[in-house]
Structure formats: structure tokens, C-alpha cells
Amino acid sequence: MKCPFCGNEMTEGKMNSGGRYVQWKGVDESGRKEEYLLAKSYMGGAKMEGHLCANCRKLILDIEQF
């Protein structure tokens, strides 16, 4: 997926929270694993899939229907 802000390729992956951190884990288009610390806060064990742009630091998340 192309980033709508800068046009670079985004990494597909998952945002996870638990403990004291919110993390992003994904694999880029070359197969290299990427991991980022997004925030030092607790979000009650949230897990969401989406896309991350490391260039402009934007995160697009897919929200499940309720």
C-alpha cells in the first residue's frame, strides 16, 4: 500500500499493546522484520492490523465492525 501522505510504500503489520508500551510489528516488502515503539502508555491489550509509513511516521489501522 502506498502512503497517502508521502507516496512511499507502507509496511503491513500489527499494532499491539500491553504492559506499558504500544508496539508495531510488521514485515517490509523485502521480507525484513520491522518493529517500532509507538508510545509509552497502556491501551488495555489492543491488537489491530494496518499499515505503517516509517518515512512520515503515519499509521493507518483497520477497524473491525461492531
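The numbers here are math on the coordinates, done by the rules we state, and not lab data. These figures come from a predicted structure and were not determined experimentally. Here the Cβ is made from the backbone with ideal geometry for all residues, glycine too, and neighbour counts use every protein chain on show.
Observations on the model:
- Filter result for residue 26 (at positive phi and of a type in the set (Gly, Ala, Ser)): no
- Among (1) surrounded by fewer than 13 Cβ atoms within 10 Å (Cβ to Cβ); (2) part of a strand (DSSP E or B); (3) not basic (Lys, Arg), the one test that residue 7 misses: (2)
- Residue match in the stretch 36-59 (condition: within 22 Å of residue 7 (Cβ to Cβ), over 10 Å from the mean Cα position of the chain (by Cα) and not in a loop (DSSP other than H, G, I, E, B)): no
- Scan the stretch 15-42 for residues that are surrounded by 15 or more Cβ atoms within 10 Å (Cβ to Cβ) and either touching a His at 6+ places or on another chain (Cβ under 9 Å) or closer than 17 Å to residue 61 by Cβ (or both) and the total you get is 9.
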